[in-house]
Amino acid sequence: MKRDLNDKIPPPASTPQRHRSFDEDEPHAEADVHAHEPLGPDDPLSPLPPNPYKRHRGITRAWYALKHSLNGFRVAIREESAFRQELTLAALMLPIGAFAPVPAASRALLIGSVLLVLIVELLNSSVEAAIDRISLERHELSKRAKDLGSAAVTVALFACVTTWGFVLGPVVARWLGF
């Protein structure tokens, strides 16, 4: 016997029934908005057990977050030469961007593009560290992850150079008499 796609097939007995507040046959009825109830320990939507490392709340949590962030900067400066190079350029470019003779929105773009490079470099370094933690042996997926992180840094650098060119290019051209 051939079934039509519109025929109702009863769910298996082990599957819990959904509770609906509308007629199943009504085509424009609203979807059920009830929360998902865990089906068992293997259910991917069941709540995770509490993380023992996240025991701090309020101002204590903010203090520890700041402490870990500063430690991350310290490690990046000590261990990551690319981050040191970009930080050196940022130390030169941020004051120029802050005091450039352009509107405030353009100054925000200049500063934001430099900060974006630093952010993406930190994320790339964290991906590389996680990959190295998993295994130091060569693997195609490890290479792909590292290459994608490097590509993200390249895109951020290109965006920074492009932003600075568009915003400060006309200013420099006026200074040079073009």
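Taken together, the values in this text are just the output of simple stated rules run on the coordinates, not laboratory data. Since this is a predicted model, take the numbers as computed values, not measurements. Neighbour counts run over all protein chains shown; Cβ positions are idealised from the backbone, glycine included.
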Work out from phi, with θ = phi - 60° and the Karplus expression 6.51 cos²θ - 1.76 cosθ + 1.60, the ³J(HN,Hα) of each residue of segment 91-97, listed in order in whole Hz, and give x for Gly and Pro.
5, 7, 7, 4, x, 4, x
Could you estimate the translational diffusion coefficient of segment 81-175 from the Stokes-Einstein equation, with Rh from the Kirkwood formula over C-alpha pairs, at 10 °C and 1.306 mPa s, in whole µm²/s?
108 µm²/s
Output ordering of 124-137, 49-62, 150-163 (per-residue mean of other Cβ within 10 Å, highest first) is 150-163, 124-137, 49-62
Calculate the length of the line joining the C-alpha centroid of segment 127-165 to that of segment 69-103, in whole Å.
18 Å
Whole-Hz ³J(HN,Hα) from phi, Karplus 6.51 cos²θ - 1.76 cosθ + 1.60, for segment 45-52, glycine and proline x
9, 6, x, 6, x, x, 7, x
Note, segment 127-136: 3J(HN,Hα) by Karplus (6.51, -1.76, 1.60, θ = phi - 60°), whole Hz, Gly/Pro = x, goes 5, 4, 5, 5, 4, 5, 5, 5, 6, 8
I want to check the label-to-label distance for residue 84 and residue 135. Put each point 7 Å from Cα in the C-beta direction and report it in nm to one decimal.
3.1 nm
Note down the magnitude of the dipole of segment 81-175 about its Cα centre, charges +1 on Lys and Arg C-beta and -1 on Asp and Glu C-beta and zero elsewhere, to the nearest 20 debye.
220 debye
